[in-house]
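The values are calculated or read from the model by the stated rules, or taken from the named source; none is laboratory data. Owing to the predicted nature of the structure, the values given are computational and were not obtained by experimental measurement. Positions of Cβ are backbone-derived with ideal geometry, glycine not excepted, and every protein chain shown enters the neighbour counts. Please note that ligands, DNA and RNA were not included when accessible areas were found on the heavy atoms of the full protein model with its side chains. Shrake-Rupley method; radii C 1.70, N 1.55, O 1.52, S 1.80 Å.
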Amino acid sequence: MNALGQALLWLQLCALARAAYKLWLPNTYFDTASNWNQNRTPCAGDALQFPADKMVSVLVRDTYAISDMLLPLDGELVLAPGAAFSAAEVGSDPACGSGDPLLFRNPDRFSWLDPRLWSSAAQDDGLFSVDAERVPCGYDDVLFPRDASFRVALGPDPAAVRVRSVSAVGQTFTRDEDLAAFLASREGRLRFHGPGALGVGSQACTDASGCVCGSPETLPWICASLLQPLGGRCPQAPCRDPVLPQGHCCHLCGAIVSLTHDATFNLERYRARLLDLFLKQPQHQGLRAAVSKVLREARAEIQVVLAETPPGSGAAGRLGHVLLQDALAQGDLLRPSRPRCSGSAAPEPHALASCRPDRAIERRARSAAGSGRTPWLRRVALLFSALLTLLLLLPPQRSSVTPPPPRRSRAPARGALPRASPPPAPRRWRRHAEAEAAASAGLPLGFRNPLFDVMVFKQQPQPSVEHLGSDQKADVDTSFSYFVNPLFAGEAEA
């Protein structure tokens, strides 16, 4: 690469550093030791052999003296300035090995969905990413090394992989039409293959609180590519109750803290705060954190994953407790979505450590997580609740009005109803003995009004019959009772 190309590459990297990008790491260079079956570059007198049925583009950047070379049926050797081949006798360099042919490894072994094959912006030692975020996200710019030879397998997931842009072989593709034309060309077929599809044109992440990367449908394919060297199985975590973060393939020893946030939350600032105030402290050495936005039950949350090194020390649980307290101190900016964080523990009982906060923190966390109201609205609700409680606690007020004394009534005319007397003074329910005495005296027992506790049946005083004639005396009922409606007692008195 000339000086101009290096300068252009440097400017491109600087521009991408301000955005989210992923850089492809593997290559198909002739002088990369890992591309050969003996993990060494060819030496003098070697016999070289490429897979016959594989398309591959190989960049040669040095001079080599070889005895024999078997090329593929469809491929190319790209010679950089100063690169050359020459002939040499077999075994010219005794230090090269046993003299067996040196085989170029299968170039189709590199998958787009393998998290180990990508690199992002330089992260501090205390931070890492879950597996789903190690491959290109929909809002990422994808960068392949300029003027480099590489080969990428798209798939086996047949669903289209979409990113913001793709930069390869000196070109940047931001439209599907341009990228499709490149992939169909010979230059594109030498570098991209497989059943999957690749698209560009997605929007960049403009949300300061972060964007969700990946999808649950893609994660199984990512894990299959990652675990292929291990036979498709995760290694056993050396701790009790390991945790499985969302977007990660295997369980790990550590803790998970889930947080919710308001519109002013900034994900990058929180990462920097977590690193400077907590992870760099001596008591938290050996811990790494992954902070990302995830979807849980259709709700966006901030997932903080704490991984322990060495595993099972319980340090992640202790830091998880501290992070919950710190989140509660942030007010509405950051709130625990659950009052507990899940964490693993060491196999030994004495090393057990939990990230569960104390009960006071749990109560505050539940209150904060369940409250979506603004601060002024909460104050109004609290004031209304206090007033309502005060009204309920006040004792009921009783009326102090003394009823007027009863008036003597005259005898009613024949066939007329007697005039109502004023309501009697309130009485309590009589005991059973008193009731029996009243019954023996010929008085009506009456009943208790549950609203006013008033005896509503009362014996009417006998009218005077002295001035009536003998024929009228026989028609007067001298023993009767009446019913007083307590609601209309005032009208009866009037």
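Here are the numbers:
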quantity: Residue list for region 21-51, filter: of a type in the set (A, V, I, L, M, F, W, C), in contact (Cβ under 8 Å) with a residue 40 or more places away in the chain and touching a Ser or Thr at 6+ places or on another chain (Cβ under 9 Å); calculated: LEU23, TRP24, LEU25, PHE30, CYS43, ALA44, ALA47, LEU48
quantity: Entirely in region 89-200, the strands (runs of 3 or more DSSP E) that have 3 or more residues that are modelled with pLDDT of 95 or more and surrounded by 15 or more Cβ atoms within 10 Å (Cβ to Cβ); calculated: 141-143, 165-168
quantity: Some residue of region 249-262 being surrounded by fewer than 17 Cβ atoms within 10 Å (Cβ to Cβ), more than 30 Å from ASP108 (Cα to Cα) and not acidic (Asp, Glu); calculated: no
quantity: Selection status of VAL78, assigned to a strand (DSSP E or B), out of contact with any Pro (no Cβ under 8 Å at 6 or more places or on another chain) and either over 30 Å from VAL142 (Cα atoms) or touching a residue at least 60 places away in the same chain (Cβ under 8 Å) (or both); calculated: yes
quantity: Within region 220-247, considering residues that are within 17 Å of the chain's Cα centre (by Cα) and open to solvent by 40 Å² or more (accessible area, probe 1.4 Å), the one nearest to ALA153 (Cα to Cα); calculated: GLN246
quantity: Residues that are of a type in the set (D, E, K, R), crowded, with 20+ Cβ neighbours inside 10 Å and within 31 Å of the chain's Cα centre (by Cα), drawn from region 17-46; calculated: LYS22
quantity: Strands (runs of 3 or more DSSP E) completely within region 18-61 that count 3 or more residues being under 30 Å from ASP141 (Cα atoms); calculated: 21-24, 56-60
quantity: Residue in region 281-302 that is under 16 Å from GLY210 (Cβ atoms) and without any contact (Cβ under 8 Å) to a residue 40 or more places away in the chain present; calculated: yes
quantity: Matching residues in region 105-149 - criterion: being among the basic types (Lys, Arg) and over 24 Å from the mean Cα position of the chain (by Cα); calculated: ARG105, ARG109, ARG116, ARG146
quantity: Residues that are open to solvent by 50 Å² or more (accessible area, probe 1.4 Å) and over 20 Å from SER313 (Cβ atoms), drawn from region 273-303; calculated: ARG273, ASP276, LEU277, LEU295, ARG296, GLU297, ALA298, ARG299
quantity: Selection from region 275-314 of residues that are farther than 22 Å from HIS251 by Cβ and of a type in the set (A, V, I, L, M, F, W, C); calculated: LEU275, LEU277, PHE278, ALA298, ALA300
